[in-house]
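Peer 1: Provided herewith is a single structure, encoded as structure tokens, for subsequent inquiry.
The values are calculated or read from the model by the stated rules, or taken from the named source; none is laboratory data. Being a predicted model, the structure only gives us computed values, none of them experimental. Virtual Cβ from ideal backbone geometry, glycine too; neighbours counted across all protein chains shown. The accessibility values were calculated without ligands, DNA or RNA, using every heavy atom of the protein model including side chains. Shrake-Rupley method; radii C 1.70, N 1.55, O 1.52, S 1.80 Å.
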Amino acid sequence: MSDQLRAPEAPVAEGLAAPYDALLLLSFGGPEGPDDVVPFLENVTRGRGIPRERLKEVGQHYFGFGGVSPINGQNRELLDALRKDFAGHGLDLPVYWGNRNWAPYLTDVLREMAADGRRRIAVLATSAYASYSGCRQYRENLADALAALAAEGVTELPRVDKLRHYFNHPGFVQPMIDGVLASLAGLPEEVREGAHLVFTTHSIPTAAADTSGPVEEHGEGGAYVAQHLDVARVVADAVRAETGTERPWELVYQSRSGAPHIPWLEPDICDHLEALHAAGAPAAVMVPIGFVSDHMEVLYDLDTEATAKAAELGLPIARSATVGADPRFAGAVRDLVLERAAAERGEPLERCALGLLGASQDLCAVGCCPARAPRPAAAGADSPYA
């Protein structure tokens with residue numbers, strides 16, 4: 001691959017993580033057994049008034065996999081990869097893990113970190129793009145957890161800084177490129193050259209997409225759609241350069257939920273597969289660029305539903321790998337920590353980013369991915385916890 005697709009090795013020496021004394025891996029969480037499924041979904045949907053019977057219906061996706069979401073196991077693998085990468089590069093920075101919706105719960109982990117004397121915490125969310133649900137909601141959860149600790153009498157609250165969006169960091173993008181190349185190689189030879197690329201991400205309400213990112217980026221699709229399109233172009237261009245074949249591609253959406261009268265981003269992946277088949281496409285590779293790991297939405301919505309739709313249509317299909325615990329992604333996280341640390345120390349730095357959009361901002365501005373209702377959010381310009 002071209003050198004521009006490779007992240008430079010960040011030199012690491014004692015003190016380069018300062019002022020940070022810990023990294024928090026912050027994720028969504030998921031059930032780890034059948035008895036966890038409905039309580040987990042109650043956590044996810046709290047305040048929305050969804051009946052328990054409806055949650056049991058939704059939970060069938062999880063029950064089909066033994067009631068276990070793969071996300072927790074994948075986060076454990078990522079934790080291990082981060083700790084090994086940090087140790088291998090002389091970075092003495094402990095790594096903790098907390099979830100929004102299941103154990104280990106965020107508040108419990110922040111309490112543990114405060115008790116361990118951690119005072120300045122870098123936070124990596126397992127969501128690479130700008131959106132309310134992928135960024136600000138995590139910041140709201142951080143504020144809620146800090147407020148809970150304050151109410152318990154914790155007098156010295158840690159400061160939390162969320163690391164920037166990493167959708168276009170080479171260590172996130174390069175594994176996806178390699179995943180597409182591997183998937184193409186696995187298709188039957190007679191359909192490989194004509195295979196289309198189908199980039200997928202989580203659908204969100206169009207109103208949330210339109211207001212994603214800083215205020216100046218608001219508009220149709222907002223930063224959410226623009227960032228995904230930019231990554232898709234980078235991956236498609238790299239695959240063309242490697243294979244010598246120009247492939248049609250499109251960004252599509254999956255995992256829609258919520259009331260049917262509310263507009264969400266389209267087209268849906270299954271509808272798009274039908275359109276490809278009708279247009280005579282010989283094959284397709286689904287590329288889940290919107291997801292860090294193979295969690296339930298990838299395993300069910302792509303590997304189960306979309307794959308079944310392709311089989312029904314007689315359309316040869318493959319699904320490329322997500323980044324998961326790839327060592328290059330662990331290296332990207334190290335780079336993000338050191339980059340933010342240097343910025344906090346006021347030192348000049350060069351940020352790694354591919355595509356046309358450049359590196360995202362460190363600090364979410366006021367009005368960035370606005371909340372559905374006013375609610376405090378940490379790690380931003382409007383944070384009550386400076």
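Peer 1: Mind checking the range 37-73 for trypsin sites (Lys or Arg not before Pro) that DSSP puts in a loop (not H, G, I, E or B) and that have at most 10 other Cβ atoms within 10 Å?
Peer 2: Answer in residue order: ARG46, ARG48.
Peer 1: Also: Which of the chymotrypsin sites (Phe, Trp or Tyr not before Pro) found in the range 129-175 are in a DSSP loop and have at most 10 neighbouring Cβ atoms, other than their own, within 10 Å? Mind dumping the intermediate values first?
Peer 2: Details: sites: TYR129, TYR132, TYR138, TYR166, PHE167, PHE172; in loops: TYR129, TYR166, PHE167.
Taking the range 129-175 and a limit of 10 other Cβ atoms within 10 Å, no loop chymotrypsin sites (Phe, Trp or Tyr not before Pro) are found.
Peer 1: Helix 222-243 against the longest principal axis of the chain: what's the angle in degrees, Cα atoms only, rounded to the nearest 10?
Peer 2: 60 degrees
Peer 1: Which value at 222 nm does the chain reach when only helices count, each DSSP H run of 4 or more adding -39,500 (n - 2.57), with the total divided by all residues and rounded to the nearest 500 deg cm²/dmol? Could the numbers behind the result be given before it?
Peer 2: Details: 13 runs with 145 residues, N = 386.
Value at 222 nm, helices only, nearest 500: -11500 deg cm²/dmol.
Peer 1: Additional query: With a 1.4 Å probe and every protein chain left in place, work out the accessible area per residue of the chain in Å², rounded to a whole number. Intermediate results must be reported in sequence, preceding the final value.
Peer 2: On the way: 16280 Å² over 386 residues.
Spelled out: the 1.4 Å probe surface of the chain, per residue, equals 42 Å².
Peer 1: May I ask which residue of THR243, HIS169, GLN137 lies farthest towards the positive end of the charge dipole of the chain, with charges of +1 (Lys, Arg) and -1 (Asp, Glu) on Cβ and the Cα centre as origin?
Peer 2: Farthest along the dipole direction, towards plus: GLN137.
Peer 1: Note down the nm distance, to one decimal, between modelled labels 7 Å out along Cα→Cβ at ARG345 and at GLN60.
Peer 2: 5.6 nm
Peer 1: Related question: In sequence order, what are the phi-derived ³J(HN,Hα) couplings for the range 88-96 according to the Karplus relation 6.51 cos²θ - 1.76 cosθ + 1.60 with θ = phi - 60°, rounded to whole Hz, with x for glycine and proline?
Peer 2: Result, rounded to whole Hz: x, 10, x, 9, 8, 9, x, 10, 10.
Peer 1: So what are the radius of gyration and Dmax for the Cα set of the range 270-329, in Å?
Peer 2: Over the range 270-329's Cα set, Rg and Dmax evaluate to 12.6, 40 Å.
Peer 1: Under 10 Å, Cα contacts only: if you run a Gaussian network model on the chain, which one of GLY290, GLY358, GLY346 comes out with the highest mean-square fluctuation?
Peer 2: GLY346
Peer 1: Where in the range 279-295 does the amide nitrogen come within less than 20 Å of the point 7 Å from the Cα of GLU77, taken along Cα to Cβ?
Peer 2: 286-295
Peer 1: Accessible area of the range 281-327 with a 1.4 Å probe: how many percent of it is carbon plus sulfur?
Peer 2: On the way: 790 of 1460 Å².
After summing per-atom areas, the C and S share lands at 54 percent.
Peer 1: Here's something else I'd like to know. What lysines does LYS56 reach when the alpha-carbon gap must be under 26 Å and sequence neighbours fewer than 8 apart in one chain are set aside?
Peer 2: Output for LYS56: LYS309.
Peer 1: Hey, if you put +1 on the Cβ of every Lys and Arg and -1 on every Asp and Glu Cβ in the chain, which of HIS61, PRO51, LEU157 ends up farthest toward the positive end of that dipole?
Peer 2: Of the options given, the answer is LEU157.
Peer 1: Please name which of PRO288, LEU146, PHE40 has its Cα lying farthest along the dipole of the chain towards the positive end, using unit charges on Cβ (Lys, Arg +1; Asp, Glu -1) and the Cα centre as origin.
Peer 2: Checked the options; the winner is LEU146.
Peer 1: Which whole-Hz couplings ³J(HN,Hα) result when phi for each residue of the range 131-136 is put into the Karplus expression 6.51 cos²θ - 1.76 cosθ + 1.60, θ = phi - 60°, listed in order with x for Gly and Pro?
Peer 2: 4, 4, 6, x, 9, 4
Peer 1: Each residue of the range 19-24 in order: what ³J(HN,Hα) in whole Hz does its phi give by Karplus 6.51 cos²θ - 1.76 cosθ + 1.60, θ = phi - 60°, with x for Gly and Pro?
Peer 2: x, 7, 10, 5, 10, 10
Peer 1: A further question on this structure: Any idea what the dipole of the chain comes to, in debye rounded to 20, about its Cα centre with Lys/Arg Cβ at +1 and Asp/Glu Cβ at -1?
Peer 2: Dipole of the chain, to the nearest 20 debye: 780 debye.
Peer 1: Pull up the cross-link candidates among the lysines for LYS162, meaning alpha carbon to alpha carbon under 28 Å and not fewer than 8 places away within one chain.
Peer 2: LYS84
Peer 1: Could you give the angle, 0 to 90 degrees to the nearest 10, between helix 327-344's Cα long axis and the longest principal axis of the Cα atoms of the chain?
Peer 2: 40 degrees
Peer 1: Tell me the angle of helix 106-115 to the major Cα principal axis of the chain, expressed in degrees between 0 and 90 and rounded to the nearest ten.
Peer 2: That works out to roughly 40 degrees.
Peer 1: Taking only Cα atoms of the range 72-192, what ratio of Rg to Rh do you get with Rh as the Kirkwood inverse-distance radius? Please list the in-between numbers first.
Peer 2: Working: Rg = 18.2 Å, Rh = 16.8 Å.
With Rh from the inverse mean 1/r over Cα pairs, Rg/Rh is 1.08.
Peer 1: Shape of the range 207-284 from its Cα gyration tensor (a ≥ b ≥ c, root eigenvalues): rounded if a/c is under 1.5, otherwise prolate when a/b > b/c, or oblate?
Peer 2: On the way: a/c = 3.50, a/b = 1.32, b/c = 2.65.
Because a/c hits 1.5 or more and a/b fails to exceed b/c, the range 207-284 counts as oblate.
Peer 1: Under a Cβ-Cβ limit of 4.7 Å, which cysteines in the chain have nobody to pair with?
Peer 2: Unpaired cysteines in the chain: CYS135, CYS270, CYS352, CYS369.
Peer 1: Pull up all non-local amide H partners of TYR105: gap of 5 or more, or a different chain, and H-to-H distance under 5 Å with H placed in the peptide plane.
Peer 2: Here the answer is ASN99, since their amide H atoms fall under 5 Å of that of TYR105.
Peer 1: Percent relative contact order of the range 180-276, based on C-alpha pairs within less than 8 angstrom and at least six residues apart? Display every interim value, and only then the final one.
Peer 2: Details: 109 pairs, mean separation 32.8, N = 97.
Rounded, it is 34 percent for the range 180-276.
Peer 1: In addition: log10 I(q)/I(0), Debye, Cα-only the chain, no solvent, q = 0.14 Å⁻¹?
Peer 2: Normalising to I(0) and taking log10 leaves -1.32.
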